[in-house]
Every structure is written in C-alpha cells, then in structure tokens.
Amino acid sequence: MEIDTSSVEEHENSKSQFVRWFREVAPYVHAFRGKTFVVAFGGELIQDGVLNTLVQDLSLLSALGIRLVLVYGSGPQINEQLRLKGLPQNFNNGIVIPTNTAALECAKEAAGEIRLDIEASFSQGLPNTPMSHSQIKVISGNFITASPVGVLNGIDFQLTGKVRKIDTEAIKFAIEKGTSVVLLSPIGFSPTGDAFHLEMEELATSTAIAIGAEKLIFLSSSEGVKNADGSINPEIARAKAETLLQDNNIDTTTTKFLKNSVMAVKKGVARTHILPYGIDGSVLLEIFTHGGIGTMVVEDNLDDLREASIDDVGAIISLIEPLESDGTLVPRPKSLIERDLEKFTVLEHDGVIYGCAALYPFPIEKMAELACLIVHPEWQSSGEGELLLRHIESRAKKMKIDRLFALTTRTSHWFLKRGFVRGSVKDLPKEKQINYNRSRNSLIFIKNMK
Ligand SMILES: CC(C)(COP(=O)(O)OP(=O)(O)OC[C@H]1O[C@@H](n2cnc3c(N)ncnc32)[C@H](O)[C@@H]1OP(=O)(O)O)[C@@H](O)C(=O)NCCC(=O)NCCS
C-alpha cells in the first residue's frame, strides 16, 4: 500500500507553524498583560455587521490579561431613529452638530439599543466557538460627567455636550480584576441631571488620557493614514502627524481619528492606533504582529533604540537563551546581565524588546567589545542588526575607543560586510586574551573607529 507522504508532511508543517506562531506572540502577551486599552468605534461598525467578530477578539484580549474600556458611537443609528420619526437626519461622520430635544431622545434610544447588542455579543458562549468558556461581564453606567458645548460662533449646540469629568477610580475598579470590561456610551450626564450627546472620538480620547491607558485604538471604516503611493503608513511620530493634518490631504474619517490620536499621545497615551474594522481580526493583527495592519501614532518613533533598564533584564534573557542553547552565544548568568546592564542597548517596538547589543570598554588599550548582538529571528534582515551596530559604534566613538572587536563562531560574514577584519588573540586587550576561551575557538573581528 502506498502512503501519501505529502499530506503527512503538510500536517507536520502546519503543526510546527502553529507552535512557531504561538511562541512569536508570547512577547506581546507578556508586554501587555495588566495594561489598559481603550477601544473605540462608531455605529458604522455595528451597521456593517462586524460586532460579533470584534467582540470575540476583544474577549481573547481580555483573557490574555488586557483590561478593556470600550467606547461606542451611534451616528447611523440616531439617523435611523430620526428617519423613523420623520425628522431630518443630520448625524454625519461624527461631525459635532447641535442636538435638539428630539435628536437627544433618538440618541438615547440608539445608545440603549447598541449597549444591549454589545452585551448580547459578550454573552455568546456556544461550544466550539471563540467565545466558548468566555465569562466577561459588561459594566456600563454614569462614569462620565458632561457639560454643554454651549454657543460657538453664534451656533447654540443645545444638548450636544463635552466631557467635563471622568470617574477614573470607578472605571479602574471595574476593570481591575480582568473579568469585566467597561462600556461607555456617547451620553454623559450633568450635575443638574440632564443628559448630553457626546462625540465618540472626544469621549474615547479623554478617557484614555484620564485613566492612563497604554493604547487607544480607533476602529475605522477607513484603512488608516496612507502614504503618497497609497500604502498604509504603519507608524507616525506625533509631530509628523500634526504636519499631515495641516497639509489636509487625508479623508475626513481618518482626519478625525488622527486629530484625536495626536491629542492622546501628546497627553501621555503611549500608542494610538487607527485600524480598519473591515479586515477580519485587525485588532489582533495590529497588536500581535510586528508590522501591524493600520497606523500607529507614537510620541517619537526613534524611541525604538534605547539604553537598557532593569525592567528589560527578563526580555534580554529571553533573547539570549535560545542562542546560548544552540552554542551561538556564550552563556551569561542573569546576575552578569544585571551587573552589566548599563552596557546594553535594546531595540523596542510597541513595548516588546526584539534586539540587544552590549559594549564592553577596555580603556587601557582604547578598545571595546561588541557583545551579545541579537535581533529576534522574526525581525531579522530588515536592517535592525545594522542599526544596533551603528548605535554601538557611536557610543564607542564617544568613549574615544580606537578599535571595536567582536568574537563570533557563526556570524563572520555579517561582520566582514560591515568593515570588520579578521584579527587574532594577540590583537585583543590583555584582559580579554587571558579570558579567551580557546576550546570555543571564536573568530575575532576588529573594526577601526578612527
Ligand atoms: C547577526 C544579526 C544580529 C543580524 O541581524 P539582522 O537584523 O538580521 O541584520 P541586518 O538586517 O542588518 O542584516 C541582514 C543581512 O545579514 C545577513 N546575515 C544574517 N545573519 C548572518 C550570519 N550569521 N552570517 C552572515 N550573514 C548574516 C542576512 O542574510 C542579511 O543579508 P542581506 O542584507 O544580503 O539579505 C542576527 O542575525 C542575529 O541575531 N544572529 C544571532 C546572534 C549572533 O550571531 N550575533 C552575533 C555574535 S555576537
């Protein structure tokens, strides 16, 4: 009997792919555990029928220890209520417009209906679905104090409100245990007991700032901020985002989200994201993959490269460990890494450490060793190794180092291509010659810094 080996191979491949993929996600899971994300979306998302899949993904985030505050808008649903009542429909694209008494009644009805839809969605739990065993509770309430927008440029905005105060303690308490999510509707209440219709984007931004969220995520009907060639710009520094807004070449929906993203980042939210809800799993793709899927706004995208701090020790060890076990790097105990921490530079992206390098100076000989140069396998071959090398070289130059050297068993060509030349043990600083491990027989590469 002939056995079809191709299907067995395929099965083995998909198994090892799954394991590899799951391990690649691990650094993000560690980085975001216990952090708070504010996720905001307009009523269009519900109208377009993607609420259930979004809730499945959000439940997964919650199960992974991410605390969630959800903020929703209700523009299309308010329009629908107005239409049913034979009143003019004017809630368009999140633009702040005056809300009269009839429109506020529609806003309340729409908000209530959406809240129930979201609660129903979180209550799914059929076996063999992503929501099986999920037990997340949805908490909503009077967390937001609002005040009227008032009269602007001669227009009375009536019952359109703005956020005046957020009960951050109550929100934090509600999500603390990680078993509940807080759901904020676009309706706020004034101390006089009146209700006001709020703009979803402003509500989400103010909340993310007030509770010190790690991320503010806007789910948009647009794809994100585009480059001139039509591709999505995956990461924008805040200052650059401000210039783009001034240039005024971005569609209205994205402009609104970008304006709020800039505001949030300026006021301390580490990252904001504009993601297309139309792509299945966009939240997961953005959070758990290096390249993401939408646009991320950060204070300064150069902060990818920085000196290591005590909080990075665990991440550095996870980078080094696999290379120690396969013999690429010499084993370094944790105590040594802690002791030498100021010698380490790390590459960080969105809270995940994905590369490191260390510089050990030998001042007497005006030499320094480049050690522990690592880029996580998932992020190799995009110039990150080179970036680390350049940074180490500039540190070495500042220390008035004349020659930089590296010891390696497997990376000789990488160093040769970057201006290093082969050296021998006698070219090393005296102290290093004494400690040189002859049985390991590493090759020595030296680069002139002068
Ligand atoms: C060496 C290392 C840091 C390079 O990181 P990187 O981000 O992939 O580097 P870059 O993107 O700047 O360079 C990629 C280029 O180097 C090449 N390269 C990667 N590893 C190499 C190796 N071991 N030998 C020779 N060339 C190598 C790639 O093929 C690629 O070539 P290309 O540009 O022609 O396609 C990374 O491969 C690594 O972490 N290796 C394991 C640890 C190690 O060996 N460290 C050095 C000893 S301390």
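Annotations
- The stretch 360-370 - residue that is free of Cβ contacts under 8 Å to residues at least 40 places away in the same chain and within 13 Å of the ligand (Cβ to nearest atom) and, of those, least open to solvent (accessible area, probe 1.4 Å): L370
- Some residue of the stretch 301-315 being among the hydrophobic types (A, V, I, L, M, F, W, C), under 30 Å from G188 (Cα atoms) and either under 18 Å from the mean Cα position of the chain (by Cα) or not in a helix (DSSP H, G or I) (or both): no
- Single condition S439 does not satisfy, out of (1) part of a helix (DSSP H, G or I); (2) more than 16 Å from the ligand (Cβ to nearest atom): (1)
- The listed residue being open to solvent by 50 Å² or more (accessible area, probe 1.4 Å) and either more than 20 Å from the chain's Cα centre (by Cα) or assigned by TED's automatic domain parsing to the domain that holds Q56 (or both), out of N227, N260, N233: N227
- Residues that are within 12 Å of the ligand (Cβ to nearest atom) and open to solvent by 10 Å² or more (accessible area, probe 1.4 Å) within the stretch 392-407 comprise just one, L407.
- Subset of the stretch 226-257 [more than 24 Å from T53 (Cα to Cα) and either part of a strand (DSSP E or B) or among the β-branched types (V, I, T) (or both)]: K226, E235, I236, A237, T243, I250, T252, T255
- Within the stretch 371-384, residues that are of a type in the set (A, V, I, L, M, F, W, C) and in a strand (DSSP E or B) reach partners that are more than 6 Å from the ligand (Cβ to nearest atom) and open to solvent by 20 Å² or more (accessible area, probe 1.4 Å) with beta carbons closer than 7 Å, at six or more positions or on different chains, in the pairs A371/Y360; C372/L329.
- Cβ pairs under 8 Å, 6+ apart, first in the stretch 170-186 and under 20 Å from L60 (Cα atoms) and in the same structural domain as A208 (by TED's automatic domain parsing), second in a strand (DSSP E or B) and small (G, A, S): A174/S180
The values are calculated or read from the model by the stated rules, or taken from the named source; none is laboratory data. Keep in mind the model is a prediction, meaning the values are calculated, not measured. Glycine also receives a Cβ, built like all others from the backbone with ideal geometry; neighbour counts cover every protein chain displayed. Accessible surface areas use protein heavy atoms only, side chains included; no ligands, DNA or RNA. Shrake-Rupley method; radii C 1.70, N 1.55, O 1.52, S 1.80 Å.
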